[in-house]
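First up is the structure itself, then whatever we jot down about it.
None of the figures in this text is laboratory data; all of them are computed from the coordinates on show. Values in this document were obtained by computation on a predicted structure and should not be read as measured data. When we count neighbours, we look across all protein chains shown, and the Cβ atoms used for this are built from the backbone with ideal geometry, even at glycine.
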Amino acid sequence: MLIVARGWRGLATPWAGDPDIQAPNLSKFAEGAAVFPRAYAASPRPGPARASIATGRFPHTNGVVRDGAPLRTEEVTMAAVLRSGGYHAGEGIEFLQSQPASPFCANIPLDPPRISNPVDGARLHLRDNVPAEAVDKTRETLGRYYGTLAAMDQQLGKILSAIPENTVAIFTSDCGAELGSHGIDGDDVPFEESVRIPLAIRFPPAVAPAASDLLVSQVDLLPTVIALCGEPAFEGIQGRDLSPFLLGAKGDRPETVFAEGKIGDRDEWRLLVQGTDKIAVDANGEVLELYNLAADPYELKNRATDPSVQLKRDQLMAVLRATRSKLLDFKRR
């Protein structure tokens, strides 16, 4: 069962240490799951992100580069692979409530309710990258946001109560949002508030609850799920199979994670995280941002033009170029 929450940023989770989150059902789920605090959206917009989850491929490859763009009929999806393997596939809580025959796979979108009760913004802890002039507006925005997450957590509790305990269950989201950080309200920017997502995988009884520091991407979900279900990988998958780490086996440890955004727009970007270093470039490959997330977790000091880190910048650029080449992500004219 794959639960994809709309707009739930990875920094607003119990395992990220968010002091303001009110999500008892997610907390309980995470206690029996492997959680991945360093999970990233393939592209932090709902449409491209959900297509990347479904196909295990980045937007520049599967063609869904903006919200509303259709997925090509020739794209192979997670549901199609599992259906060909004998699984009964469906979508939504109604599918679960129909008590589908085993084995089954379900895609459950978790959307914000139309009505929710905002929390008191005055009591919230603002991130250090919220500009002083945006504090009042950000408190109001976050009050509504955390009220929405609390309501979504109630929905999550109903979903989890409808499935057998031995079901493989994944909780994640499509993307995060800035919500006032860096003076920005929306998403589709390479900052952590936008591009980081929650990810918790419950795979009873083979995995012990744990928090992993692996760098993982949304595109890793398809190859991981089909491997756990005993289905073979197919040509064109761009994600990595994380199942060895869930099963306690040895596997090639992901050392980097890649993401992309605003494809086709004037401010198109790519990013790469390696260890705690993070670099973002524009469509022409020019460096836009450079941070060390351990020393500067709020991305306050952009060191893109700092001569003292030129060697690190060159190293990251070499890795990013190699990654883009492997992913067939070439500059478009």
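Summing Lys and Arg as +1 and Asp and Glu as -1 over all other residues whose Cβ lies under 14 Å from the Cβ of Glu255 gives a net charge of +1.
Measuring nothing but how far apart in sequence close Cα pairs (under 8 Å, 6+ apart) lie, relative to its length, the chain scores a relative contact order of 24 percent.
Applied to region 260-270, the Karplus parametrisation 6.51 cos²θ - 1.76 cosθ + 1.60 on θ = phi - 60° returns per-residue 3J(HN,Hα) values of 8, x, 6, 4, x, 8, 5, 9, 4, 8, 9 Hz, with x for Gly and Pro.
Restricting attention to the chain, the count of lysine pairs at 8 or more positions apart or across chains with alpha carbons under 18 Å apart stands at 5.
Among Ala211, Asn117, Trp8, which residue has its Cα furthest toward the positive end of the charge dipole of the chain, with +1 on Lys/Arg Cβ and -1 on Asp/Glu Cβ? Going by the Cα projections, it comes out as Ala211. Reducing region 109-127 and region 1-39 to their Cα centroids gives an inter-centroid distance of 15 Å. For region 130-182 and region 276-296, write down the distance between their C-alpha centroids in whole Å. If you average the Cα positions of each part, the centres end up 26 Å apart. Cβ crowding within 10 Å, taken as a proxy for footprinting-reagent exposure, orders Phe258, Phe171, Phe203 from fewest neighbours to most as Phe203, Phe258, Phe171. With both partners inside region 2-253, how many of the DSSP beta bridges are antiparallel, as a percent to the nearest 5? Here the share of antiparallel DSSP bridges comes out near 35 percent. Gyration tensor over the Cα atoms of region 95-167: the corresponding equivalent ellipsoid has semi-axes (square roots of 5 times the eigenvalues, largest first) of 36, 12, 10 Å. Highest mobility in the GNM of the chain, judged by mean-square fluctuation with C-alpha springs under 10 Å and restricted to Ala210, Ala283, Ala122, is found for Ala122. For Tyr40, the residues whose amide H sits under 5 Å from its own are Ile197, Val216, Ser217, Gln218, ignoring neighbours fewer than 5 places away on the same chain, with H placed 1.01 Å from N. A cut-off of 5 Å between modelled amide H atoms, ignoring neighbours fewer than 5 places along the same chain, links Asp18 with Thr13.
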